[in-house]
Amino acid sequence: MSDGTAPLPAAAPEEAFAIESPGRRAWGRLRRRPAAMAALAIIVVIVAAALLAPWIAPYDPTAQSWTAVREAPSAAHWFGTDEVGRDILSRVIWGARASLAAGVISVLIAMAAGVPLGLLAGYVGGWTDAVLGRVTDAMLAIPFLILAIALAAFLGPNLTNAMIAIGVTATPIFIRLTRGQVLAARAEDYVEAARAVGNPHWRIALRHVLPNVMPPILVQATLTIATAVIAEASLSFLGLGQQPPMPSWGSMLNSAQRFLSQAPWMAVFPGVAIFVTVLAFNVLGDGLRDALDPRAK
């Protein structure tokens with residue numbers, strides 16, 4: 001006989017209470033953007049080609065052949081050869097290493113210096129913010145490429161110094177961005193709550209403020225990699241980056257400028273490589289900006 005009490009509802013499965021992580025949510029938004037996913041696929045292919053260059057490049061990128069000088073694209077040399085008979089396809093593949101390394105490492109240098117300084121300026125404020133702000137404004141007043149050329153010329157012509165020059169030149173961008181994001185986050189309720197329960201300032205800055213300002217910084221990093229790739233190609237074109245005979249897209253363009261009418265393929269293929277790489281990083285950055293926006297639906 002029933003005692004008149006209603007049966008208890010069945011327990012809901014744990015999946016019903018699962019909260020989607022921010023990373024998974026951002027990835028879901030990014031997957032719904034075909035252009036961003038296509039750009040990501042292109043970047044993955046370029047990175048894979050750079051990493052696997054010793055195995056997939058058909059020829060030694062520095063090997064010269066005086067019997068194959070400025071040959072047009074053919075079955076033996078898909079992208080043709082240059083003024084000393086080197087295979088352009090192999091040099092483009094190996095040149096991706098220099099361009100990607102310059103882009104990624106220089107941005108890491110800029111973030112390693114710019115994010116802590118921007119966090120310090122935005123959270124501490126006062127004279128610290130004033131001094132860092134004036135130095136940042138002074139550096140931003142100089143055109144990006146002009147400052148990079150000056151620093152690379154001062155340090156010396158090689159790829160390592162070019163990466164340092166590009167990283168130092170890009171640092172003010174991250175200082176200003178981080179400072180602005182920290183100023184906005186510092187007034188949020190969760191920061192006030194963390195301060196009210198007695199958290200020290202360093203813990204509030206590192207555990208509560210910094211993680212919440214990272215999404216726009218990551219977007220800016222992706223866009224800055226594209227700028228750094230162009231900067232490295234420009235420095236190599238001027239003889240301040242990767243030194244011959246090691247391949248670089250910029251130095252390949254420098255060599256090709258003397259043979260544009262006789263061998264246009266010498267300029268076309270490294271130029272297309274720079275264009276596609278920069279476009280892919282810019283499109284991916286735009287997609288990440290939408291995917292990481294917490295207000296996006």
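Determine whether residue 204 is β-branched (Val, Ile, Thr), surrounded by 15 or more Cβ atoms within 10 Å (Cβ to Cβ) and at pLDDT 90 or above. No: the conditions fail for residue 204. Restricting the search to the range 136-160, which residues are in a helix (DSSP H, G or I) and in contact (Cβ under 8 Å) with a residue 40 or more places away in the chain? The answer is 136, 144, 145, 148, 149, 152, 153, 159. Candidates 225, 274: the one that is in contact with a Gly (Cβ under 6 Å, 6 or more places away or on another chain) and either under 24 Å from residue 110 (Cβ atoms) or buried (at least 21 other Cβ atoms within 10 Å of the Cβ) (or both) is 225.
Could you tell me whether any residue of the range 225-238 is assigned to a helix (DSSP H, G or I), free of Cβ contacts under 8 Å to residues at least 60 places away in the same chain and more than 26 Å from residue 40 (Cα to Cα)? Looking for residues that are assigned to a helix (DSSP H, G or I), free of Cβ contacts under 8 Å to residues at least 60 places away in the same chain and more than 26 Å from residue 40 (Cα to Cα), one finds at least one in the range 225-238, hence yes.
In this structure, residue 113 does not qualify as in a loop (DSSP other than H, G, I, E, B) and either loosely packed, with under 14 Cβ neighbours inside 10 Å or within 28 Å of the chain's Cα centre (by Cα) (or both).
Hey, among 112, 96, which residue is without any contact (Cβ under 8 Å) to a residue 60 or more places away in the chain and under 20 Å from residue 229 (Cβ atoms)?
112
The single residue among 223, 218, 235, 210 that is out of contact with any Pro (no Cβ under 8 Å at 6 or more places or on another chain), at pLDDT below 90 and among the aliphatic types (A, V, I, L, M) turns out to be 210.
For the range 65-109, filtered to residues that are of a type in the set (S, T, N, Q) and more than 26 Å from residue 160 (Cβ to Cβ), the residue that is surrounded by the fewest Cβ atoms within 10 Å (Cβ to Cβ) is 67. Looking at the range 239-268 only, could you name the residues that are in a helix (DSSP H, G or I) and either more than 25 Å from residue 152 (Cβ to Cβ) or in contact with a strand residue (DSSP E or B) (Cβ under 9 Å, 6 or more places away or on another chain) (or both)? 259, 265, 266, 268, listed by residue number.
Check whether at least one residue in the range 176-186 is assigned to a helix (DSSP H, G or I), among the charged types (D, E, K, R) and modelled with pLDDT of 90 or more, and report yes or no. Yes, that holds for at least one residue.
Look at (1) under 20 Å from the mean Cα position of the chain (by Cα); (2) farther than 24 Å from residue 138 by Cα; (3) in contact (Cβ under 8 Å) with a residue 24 or more places away in the chain and you find that residue 186 fails only one, number (1).
The values are calculated or read from the model by the stated rules, or taken from the named source; none is laboratory data. Just so you know, these numbers come straight off a predicted model, no measurement behind them. Virtual Cβ from ideal backbone geometry, glycine too; neighbours counted across all protein chains shown.
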